[in-house]
1. Can you find a residue in segment 57-70 that is among the charged types (D, E, K, R), assigned to a helix (DSSP H, G or I) and surrounded by fewer than 17 Cβ atoms within 10 Å (Cβ to Cβ)?
2. When you go through (1) of a type in the set (S, T, Y); (2) within 24 Å of N117 (Cα to Cα); (3) modelled with pLDDT of 95 or more one by one for T243, which number turns out not to apply?
3. Filter segment 63-108 for residues that are free of Cβ contacts under 8 Å to residues at least 60 places away in the same chain and either touching a Cys at 6+ places or on another chain (Cβ under 7 Å) or of a type in the set (D, E) (or both) and give the result.
4. For the structure I just gave you, tell me whether E240 is farther than 27 Å from I136 by Cα, open to solvent by 30 Å² or more (accessible area, probe 1.4 Å) and in contact (Cβ under 8 Å) with a residue 24 or more places away in the chain.
5. Look at D56 and say whether it is over 16 Å from the mean Cα position of the chain (by Cα), acidic (D, E) and under 26 Å from D242 (Cα atoms).
6. Do any strands (runs of 3 or more DSSP E) entirely within segment 133-229 hold 2 or more residues that are open to solvent by 50 Å² or more (accessible area, probe 1.4 Å), and if so, which?
7. Basic (K, R), over 22 Å from L96 (Cα atoms), under 18 Å from the mean Cα position of the chain (by Cα) and at pLDDT 95 or above - does that describe any residue in segment 224-233?
8. Collect the residues in segment 81-111 that are over 23 Å from the mean Cα position of the chain (by Cα) and of a type in the set (K, R), keeping them in residue-number order.
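The values are calculated or read from the model by the stated rules, or taken from the named source; none is laboratory data. In this text the structure is predicted, and so the values were computed from the model without any measurement. Cβ coordinates were reconstructed from backbone atoms using ideal geometry, including for glycine residues, and neighbour counts include every protein chain displayed. Ligands, DNA and RNA are excluded from the accessible area calculation, which covers all protein heavy atoms including side chains. Shrake-Rupley method; radii C 1.70, N 1.55, O 1.52, S 1.80 Å.
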Amino acid sequence: MVKKGLVYAEGQIDRLSETMMARKTRLFDPGSSALFPLSRSKLDLYLNCPRCFYLDRRLGIGRPSGPPFTLNSAVDQLLKNEFDEYRAKGKPHPMLLEAGIAAVPAQHPQLEIWRQNFKGVRVSHSASGFEVFGAIDDLWMDTNTREFIIADYKATAKDAEVSLDADWQIAYKRQMEVYQWLLASLGLPVSKRSWFVYCNGMKSEPRFDSTLRFKIKLIPYDGDTAWVEPKLIDARRCLEADTAPAPAVDCEWCEY
């Protein structure tokens, strides 16, 4: 088979066909009564631009993806390793003690599944017809209230002090609120207060010496999940429409 100057072997054609079929089966079908899987990130895509959301989930035309943030992934995994060590001991991580947070890394039989991408915490939401899911970074247990505290790891490298004050960080806050909604929907007691473990790479060090040092700041955030269910229903109506909605005013992808 030749296409635009490329020659495909028979095995390659089979794999291409399988990929295309898999992509097609993940698209929204308005005639299907089955729950449609919707990730936390795709709900955020709807909030950013309903048109991009419609093109992605209904027509299979996604935004171009950027390179993976492998250093951030490494920080995430190392933090999980640290907190898992104290989870096994049933003791608070020194970070929690230093910040005066009355909590320990939580133990739950589903935690490892909840942390896995493409699995995560899953909730069947009949009102919208979605199976909503998202992968959390960590869970702590408030030793006073016995509520679950959601912790999310972030990594960056900048001279300024890290915070949650930038306009674009609304996505971080919504992310946390969806996680709170998911776990609460499973019947778990979830604390309104969550924590961002924000790691800022120190670029002012005189030498590298194969070691990248971080300044870690724990930032509290009190979430409000009241918006989640109404927006899920709105996202469903968006996908059920016969035509794509107008582009968001500030969507750089639609503008391009």
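1. no
2. Of everything listed in (1) of a type in the set (S, T, Y); (2) within 24 Å of N117 (Cα to Cα); (3) modelled with pLDDT of 95 or more, T243 misses just condition (2).
3. Scanning segment 63-108 gives E82, D84, E85, E98.
4. yes
5. yes
6. In segment 133-229, the matching strands (runs of 3 or more DSSP E) lie at 214-222.
7. Checked against the condition, which is being basic (K, R), over 22 Å from L96 (Cα atoms), under 18 Å from the mean Cα position of the chain (by Cα) and at pLDDT 95 or above, segment 224-233 yields at least one hit.
8. Those that are over 23 Å from the mean Cα position of the chain (by Cα) and of a type in the set (K, R): K89, K91.
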